[in-house]
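Notes follow the structure.
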Amino acid sequence: MEREDLIKKLEEISLPEIETPSHKRKLKEALLNKYFREKRSWEIFDIFRKFAPIGVITIILIILISANLIFPKYSLVKAKEIALKDPQIKEWVEKGAIIKDIEIIKNQAYVLIQPAERIEEVPTKEIPTIVEIRKEEFNGALAEVNMKEKEIAKIEKLTPIVITLTEKEEEKIKEIAEKSPEIQEVIPKEAEILQIKSPSPQFKLIRKGNSVQVLPETEDKKKASVIYKFNKKQWEGKVNLSEEKVEEVKFLGEIEE
Amino acid sequence: MNLEKEKELVEKAKKDPEAFGKLYDEYYSKIFGYILKRVANFEIAQDITSETFFKVLKNLWKFRWQNISFSSWLYRIASNEIANFFRKKKYKMISFEKISEPISSNNPLIEIVEAQEKLERHKNFLILQEKISNLPIKYQEVISLRFFEKKPIKEISEILGKREGTIKSLLHRGLEKLRDQMPPNKH
């Protein structure tokens, strides 16, 4: 048979047009009887469908929050671990320095290492027994950690910031120290003030876009150390200028002849 | 029924059984006719029609008027059910007795016998249909939709979820295969 003949045959063939009223009626009845049961399922599924995007968004948010809360912490721990493996940083930490702050930008971690307490440059000739770290004049360092290679890329020592006190401020500090019962109790009356200086401020890391800046913490500005000397002994009184009180008095050591 | 009215009715049918009933009345004969012409058996056609409409009812809430019309969606469900029947060849009959709600007590036996007799009177169709049913399902579908349902290529592509070009080539190859089965012309 030719293709055209076949198409003609298909187009012209008499098709059965059979009505089935009984089946049509029965099926309609069955469908309508089932309608409300199905409608209930539609409504339930519809609720699921409406709330599914909210559910998905919630899950994504939870993942993102977890990633931001847990993973950065994990990365911070990793950065700290890598930093502490470096012999120089390890030595500083063993001598009392701490890892004060860490900032992570992409694959680079910035680790701020600082002495736990501000260590003043006390005249070493007179107090040679003062803790070893003081001799090094270590004011802090910024280490750059390559998180991908898991190694220290760079260590940069931080220069101390010197804050000069005005004469008026020095007078005020002396006054606070003299009146302090703590100082009166610990330091002999005969002791003389050797030096008054404002401690170099602690550093902090500030993230600015894709870079990190090391800035001084401003709160230390209104604090000062008063160094007392009597015979071979030296003391330190820490004065809070803004609160006008002595925060701490401690014995620094004895001068070796 | 125009397209806008049908759209409205479909949305209404999701909430109102009466609207669903109207849609059913509109499409029952078309779907049943399509299935009957595909399977050429009255009882099987009834069962596949029932299964098709139960699926329509079950999935109506999902239906959105996107790229496919309601009519095409119905034909697609019907085509899938027919394909299932041909694949399994042991179609699980829908029994009205299994539906808990009472059904009209009218005995449909006479209707079935009469309808089957009517069908058998279309001998030329049955011979041709038998040859078509020997073809792979993909060719059966396009030939039946094109020549028995008189659907345009665009609508067939919508029903079967295939590109128009694919439908054309399926139709071309299907006709070639069908021609191979036809007796040669007598000279």
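Restricting A:I99, A:I65, A:I82 to those that are out of contact with any Asp or Glu (no Cβ under 9 Å at 6 or more places or on another chain), away from chain B (no Cβ under 12 Å) and at pLDDT 80 or above reduces the list to A:I99.
Of all residues in the range A:6-31, none that is farther than 25 Å from B:E26 by Cα and in contact (Cβ under 8 Å) with a residue 40 or more places away in the chain has its Cβ atom under 8 Å from the Cβ atom of a residue that is of a type in the set (D, E, K, R) and not in a helix (DSSP H, G or I), 6 or more apart or on another chain.
Within the range B:135-148, the residues that satisfy the criterion of being within 16 Å of A:L6 (Cα to Cα) and without any contact (Cβ under 8 Å) to a residue 60 or more places away in the chain are B:L135, B:Y139, B:V142, B:I143, B:R146, B:F147. Which numbered condition in (1) under 19 Å from B:E43 (Cα atoms); (2) in the same structural domain as B:E26 (by TED's automatic domain parsing); (3) at pLDDT 80 or above is the only one that B:K92 fails? Condition (3) is where B:K92 drops out. Comparison of B:V113, B:V142 shows that the only residue that is part of a helix (DSSP H, G or I) and over 28 Å from B:S71 (Cβ atoms) is B:V113. Within the range B:31-41, being more than 10 Å from every other protein chain (Cβ to nearest Cβ) and not in a helix (DSSP H, G or I) holds for one residue alone: B:N41. Please enumerate the residues belonging to the range A:16-44 that are more than 20 Å from B:L23 (Cβ to Cβ) and either surrounded by fewer than 17 Cβ atoms within 10 Å (Cβ to Cβ) or at pLDDT 90 or above (or both). Answer for the range A:16-44, where residues must be more than 20 Å from B:L23 (Cβ to Cβ) and either surrounded by fewer than 17 Cβ atoms within 10 Å (Cβ to Cβ) or at pLDDT 90 or above (or both): A:E17, A:I44.
Evaluating A:S75 against the criteria (1) among the polar types (S, T, N, Q); (2) farther than 30 Å from B:F42 by Cβ; (3) over 27 Å from the mean Cα position of the chain (by Cα) leaves one unmet condition, (3). Residue pairs whose Cβ atoms lie under 6 Å apart, sitting 6 or more positions apart in sequence or on different chains, and linking a residue in the range B:11-30 that is in contact (Cβ under 8 Å) with a residue 24 or more places away in the chain and facing chain A (nearest Cβ under 8 Å) to a partner that is outside any loop (DSSP other than H, G, I, E, B) and among the acidic types (D, E), do not occur here. A residue that is more than 9 Å from every other protein chain (Cβ to nearest Cβ), in contact with a helix residue (DSSP H, G or I) (Cβ under 9 Å, 6 or more places away or on another chain), modelled with pLDDT under 95 and part of a loop (DSSP other than H, G, I, E, B) cannot be found anywhere in the range B:116-132.
Looking for something among the acidic types (D, E), closer than 23 Å to B:F85 by Cα and under 17 Å from the mean Cα position of the chain (by Cα) - is there at least one such residue anywhere in the range B:140-149? Looking for residues that are among the acidic types (D, E), closer than 23 Å to B:F85 by Cα and under 17 Å from the mean Cα position of the chain (by Cα), one finds at least one in the range B:140-149, hence yes.
A:K26: more than 7 Å from every other protein chain (Cβ to nearest Cβ) and either within 27 Å of B:N124 (Cα to Cα) or assigned to a helix (DSSP H, G or I) (or both), yes or no? Taking the combined requirement at face value, the residue does not satisfy it.
Restricted to the range B:150-167, and to residues there that are of a type in the set (K, R) and surrounded by fewer than 15 Cβ atoms within 10 Å (Cβ to Cβ), the residue that is farthest from B:F86 (Cα to Cα) is B:K154. The conditions of being of a type in the set (S, T, Y), touching a Ser or Thr at 6+ places or on another chain (Cβ under 8 Å) and modelled with pLDDT under 85 are not met by A:S211.
Checking A:A97 against (1) under 30 Å from B:Q140 (Cα atoms); (2) within 57 Å of the chain's Cα centre (by Cα), which single condition isn't satisfied? The number of the failed condition is (1). Among residues of the range A:137-169 being more than 22 Å from A:K80 (Cα to Cα) and in contact with a strand residue (DSSP E or B) (Cβ under 8 Å, 6 or more places away or on another chain), the one that is modelled with the highest pLDDT is A:E169. Close contacts from the range A:207-218, counting a first residue that is assigned to a strand (DSSP E or B) and a second that is modelled with pLDDT under 80, with Cβ to Cβ under 8 Å and a gap of 6+ residues or different chains, come to A:P216/A:I161; A:P216/A:S200; A:P216/A:P201; A:P216/A:Q202. Answer with yes or no whether A:I196 is surrounded by 12 or more Cβ atoms within 10 Å (Cβ to Cβ) and farther than 30 Å from A:E156 by Cα. The answer is no for A:I196. Out of all the residues in the range B:44-54, is one or more without any contact (Cβ under 8 Å) to a residue 40 or more places away in the chain and more than 11 Å from chain A (Cβ to nearest Cβ)? No: zero hits. Scanning the range B:149-183 for residues that are assigned to a loop (DSSP other than H, G, I, E, B) and either free of Cβ contacts under 8 Å to residues at least 40 places away in the same chain or under 22 Å from B:S69 (Cα atoms) (or both) yields B:E149, B:K150, B:K151, B:P152, B:G161, B:K162, B:R163, B:P183.
The values are calculated or read from the model by the stated rules, or taken from the named source; none is laboratory data. Just so it is clear, the structure is predicted and the values come from calculations on it, not from any experiment. FYI the Cβ positions are ideal-geometry reconstructions off the backbone, even for glycines, and counts take in every protein chain you see.
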